[in-house]
1. Of the numbered conditions (1) crowded, with 20+ Cβ neighbours inside 10 Å; (2) in a helix (DSSP H, G or I), Phe159 fails exactly one; give the number of that condition.
2. Could you check region 186-212 and list, in sequence order, the residues that are closer than 15 Å to Leu124 by Cβ and open to solvent by less than 10 Å² (accessible area, probe 1.4 Å)?
3. Looking only at region 107-133, how many residues end up being open to solvent by 20 Å² or more (accessible area, probe 1.4 Å) and modelled with pLDDT of 95 or more?
4. Between a residue in region 202-215 that is farther than 14 Å from Thr170 by Cα and any residue that is among the polar types (S, T, N, Q) and outside any loop (DSSP other than H, G, I, E, B), which pairs come within a Cβ distance under 6 Å, given they are 6 or more apart or on different chains?
5. Return the total of residues in region 162-179 being assigned to a helix (DSSP H, G or I) and within 30 Å of Glu228 (Cα to Cα).
6. Residues that are of a type in the set (D, E, K, R) and touching a residue at least 40 places away in the same chain (Cβ under 8 Å): find the helices (runs of 4 or more DSSP H) completely inside region 18-99 holding 1 or more of those.
7. Suppose the filter is of a type in the set (Lys, Arg) and touching a residue at least 60 places away in the same chain (Cβ under 8 Å); does Lys225 pass it?
8. Quick one: what pairs do we get from region 263-280, first residue closer than 12 Å to Thr218 by Cβ, second at pLDDT 95 or above and open to solvent by 90 Å² or more (accessible area, probe 1.4 Å), C-beta under 7 Å, 6+ apart or different chains?
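The values are calculated or read from the model by the stated rules, or taken from the named source; none is laboratory data. Remember, it's a predicted structure, so these values are computed and weren't measured experimentally. So basically every Cβ, Gly included, is an ideal-geometry build from the backbone, and we count neighbours across all protein chains shown. Surface areas here come from the heavy atoms of the whole protein model, side chains and all, with no ligands, DNA or RNA. Shrake-Rupley method; radii C 1.70, N 1.55, O 1.52, S 1.80 Å.
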Amino acid sequence: MTLKAELKEIDYDINLKQKDLNVLIDKMLDNIGSIDPELRDTLIFNTFGKLIMEDSLTDKQMKHILEVCLDKLFLGIEENESNLVFTRSFSALVIGIILHKDRQKVFLQEAIIIKTIKKSIAYLNLEKDIRGYVEGKGWAHSIAHGADLLTEAVKHPCFDRRLSFECLETIKRCLFKESIAKAPYVDDEEERLLFVLEALIDKGIKEEDIACLVLNITGDLQELKTREGYSLNFFWKKTNVINFLRGFYFRLLYKNTYPKIRSNIAAILEQWHDEVYNLNK
């Protein structure tokens, strides 16, 4: 029986024999980056989510899944575009679920959590393949999935607030990542990066650090324009930045927080709007 058929026939209401479950876990881990979107996304990822969140796994099994996914998180990380992005991206999602579960029921040692948090930051920094949906293969979505993982890392009680600045730098770096496609984000990656920022805010990051992030992002965009002029690369990065800042503005407005930062963002957005308007006159 193929893994796809096996997963389709799983009856979660019947307790799986522990030995059989161990075999199934390893099969899913071996195929976590399959280019078959139904197997990877619909079956393997959803099965991991169900097993983890519904307490169907032992602590030993959870730790095994975490260690394997952490190893897979950097496979082919030096490559711009290859199928290994699916392995990295979906390993990131599973790691995020495990961190989320550990917040509900502690089963991981602090040292493992700290290592996982640091690798979460490193992964999002190093990822070069920023494709969202890949025709015929489904969602790669590495930046979105990496952001989901980093959000869970920040939310974890073991997160060291001294890593906050590094996380802010990671968010900024993601907005300016280069890719072979050389196109702006089109699959809500900026929105997922906002979740990381919101998690940092909930952890008590200082208002001045948030304000500095906003200024640094728009400052880097201005430097890019000075360096390249109105290049396609500039316009694509501007799209990322504007969408991120616009989303952040409305999230703060919704929560009725940080009025000064909202005012600064509004002024920045107006400045870029006026510049584009004058350019097209």
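1. Going through (1) crowded, with 20+ Cβ neighbours inside 10 Å; (2) in a helix (DSSP H, G or I) one by one, Phe159 breaks only (2).
2. Within region 186-212, Glu189, Leu193, Leu194, Val196, Leu197, Ala199, Leu200 meet the criteria.
3. Of the residues in that region, 11 qualify.
4. Close Cβ pairs (under 6 Å, with a partner that is among the polar types (S, T, N, Q) and outside any loop (DSSP other than H, G, I, E, B)) amount to Ile205/Ser164.
5. The number of residues fulfilling the criteria is 11.
6. Per the criteria, 59-72.
7. Considered against the rule, which asks whether it is of a type in the set (Lys, Arg) and touching a residue at least 60 places away in the same chain (Cβ under 8 Å), Lys225 comes out as no.
8. Leu269/Arg246
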